[in-house]
1. Grab the Cα-Cα distance for Asp183 and Ala423, subtract it from 0.36 nm times how many residues apart they are, and report the gain in nm with one decimal.
2. Could the peptides 487-499, 235-247 be put in order, highest first, of the mean number of other beta-carbon atoms found within 10 Å of their residues?
3. Using a 1.4 Å probe on the protein heavy atoms, what percent of the accessible area of the stretch 304-382 belongs to carbon and sulfur?
4. At 1.4 Å probe size, with every protein chain present, just tell me what the per residue accessible area of the chain comes to in Å².
5. Quick check: residue separation of Thr338 and Ala435 times 0.36 nm, minus the Cα distance between them. What number comes out in nm?
6. What distance in nm separates the simple spin-label points at Lys531 and Ala460, each placed 7 Å from Cα in the Cβ direction?
7. At a Cα cut-off below 29 Å, give the lysines reachable from Lys556, other chains included and same-chain residues fewer than 8 away excluded.
8. Along Cα→Cβ, 7 Å out, is where each label goes; now give me the distance between the ones at Glu368 and Asn141 in nm to one decimal.
Amino acid sequence: MGGVPIRPRRASVAVAALTALLVSGCSGTADRPAPTPGPTGTSAAPSTPATTPPGDPAARAAALVATLSDEDLVGQVLMPYAYGDSATKVSPGSAAGNQALAGVDTPAEMIAKYRLGGLILVGFSADDPTKGNQETTNVDNPKQVHELTGGLRAAAGRLAAGPAPFLIGTDQEYGVVTRITNDVTVLPSALAAGAAGDPALTEAAWRAAGAELAAMGINIDFAPVADVLATRSTVIGSRSYGADPKRAAAQVGGAVRGLQAVGVAATLKHFPGHGHSADDSHQDLPVLTQSAAALKSGAWPPFTAGIGAGAMAVMSGHLDARTIDPGTPATFSHKLLTDILRGQLGFNGVVITDGMNMPPAKRWAPGEAAVRALNAGNDLILMTPNVGQAYDGLLAALRGGSLARARLVEAVTRVLTMKFRLAALPTAEMSTLNAPAHRAAADALAAGAVTVLRGACGGAVRGPVTVTSSGGRDGTRALLTEALTAAGVKVAPSGGTVVHLVGYGDGAADLRADAAVTVAMDTPYVLGKAKSPTLLATYSSSRASMTALAAVLAGKARPVGRSPVTVPGLPATTCAT
């Protein structure tokens, strides 16, 4: 392990420090005496899982932490990705990827060797603005994901921390960042929910989608995005609920309540507010030039609302808030994560880093970056570019004194408390995936989002209709064609009334001058350049969104949405409220 000496040692927790943690960060419990140091296993041979008492999650976490070795503690704050679509059987290519990442062949071996607290499932989606840190894909369909998560949990159950459920997360935001798309209920984007403007619809939709995540074995979602879209950020864009902090806050609260009601931890991201910079942290370090007061009023209300709704986690962003801690990415800023997020905003849950394989975090070696992130106030280290180096760096810092034992114990206690809280929540069965009631919740949210920014408020288009689009959107055109046909609208391959679709990344060159109707399926800014007499926005290209669009085009539904961002020269809607 990189020359780090392995000296078996159990966590010795000061009564005062642990009591303070339980009072401030968890539900209350009686003082617990510090354990007597004793022998434990080494990195290669995890100790036998402890038995934890039933009851309050914080008390269970404290009791379990008191039994853990240095190696166990360090492992619990790591949440890497892995190669392979199975826990124990992987292709030669995936084995090679895991060897480079962690010196093992399979995800299960990675869990055992490093005593991991969790694993993130990764993958690509169409028009994905996060593809820069998605090194592999290990999600395909619900059955495969369910088998993978079951194998990961079986491996983790043999760890000393095994009584606390293993964390398995993914970025299921819906919209352009959606990891699992086949045979599940797919919601419209966050911006679509912002256009619908009804937190109750958002909560119901996220409850449905969250139940399906839980059924597949995923117990933490790196969503909702709490960033306010204060700039024309292409990396945040339709992932945000909109430009109005108060309206976005209400939506974030609804998403949090929906997810966590069905056994999935919600993660507010990316603190202190990625939407306040147009730059992309997957490429460089974005700078936030706003004053602390401006961020408090303009960026933080959705985070505050999510915290008030009980969000279990917050993700720190690789963002340079110049007026607060200049030059330091928020991920590594004690001022932002400890003084402000915890001290001012009152967050007591788990703080998770954004991907540590992103450029702003890679300015330091994986071990040093992990130590810096933990010292700043993060509790989980996500997607380190080298698991062994991060693990060794944390262990060496713990034993060398540059990482205080109390800080590590605090982090692990928070992580385990969240795990025990999740264990007490209900989990749906796989049979609920893509259930009619779930699809109805997604459909209702999508229907509420459709917005007319130019043209009459409702009324059928004159048929037949010819559906066109910018390049690479054959699947979406097929969805709309199917939905129009089902709504009774004749669709012709050419010669009809042109309905033109544009989406993520499209600009003026992707518009069509002869289109009678132009539809924005992502941020609606491009509509400001469109010449069509009718301009609509769905903010999303999901099946639910195309069904809702078809109903409007067929004259069977009124477009009741309002644009949650300002498009110069266009109203938020032409429909009277």
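The values are calculated or read from the model by the stated rules, or taken from the named source; none is laboratory data. All of these numbers come straight from a predicted model, not from anything done at the bench. Ideal geometry is used to build each Cβ from the backbone, glycine not excepted, and the neighbour counts take in all protein chains shown. Please note that ligands, DNA and RNA were not included when accessible areas were found on the heavy atoms of the full protein model with its side chains. Shrake-Rupley method; radii C 1.70, N 1.55, O 1.52, S 1.80 Å.
1. Stretched out fully, the Asp183 to Ala423 stretch lengthens by 83.8 nm.
2. Result, highest mean first: 235-247, 487-499.
3. 48 percent
4. Here the residues of the chain average 34 Å² of exposed surface.
5. Values: separation 97, 0.36 × 97 = 34.92 nm, distance 4.18 nm.
Fully extending the segment from Thr338 to Ala435 adds 30.7 nm.
6. Simple spin-label model gives 2.9 nm for this pair.
7. Within the straight-line limit of under 29 Å, Lys556 reaches these lysines: Lys490, Lys529, Lys531.
8. According to this spin-label approximation, the distance is 4.7 nm.
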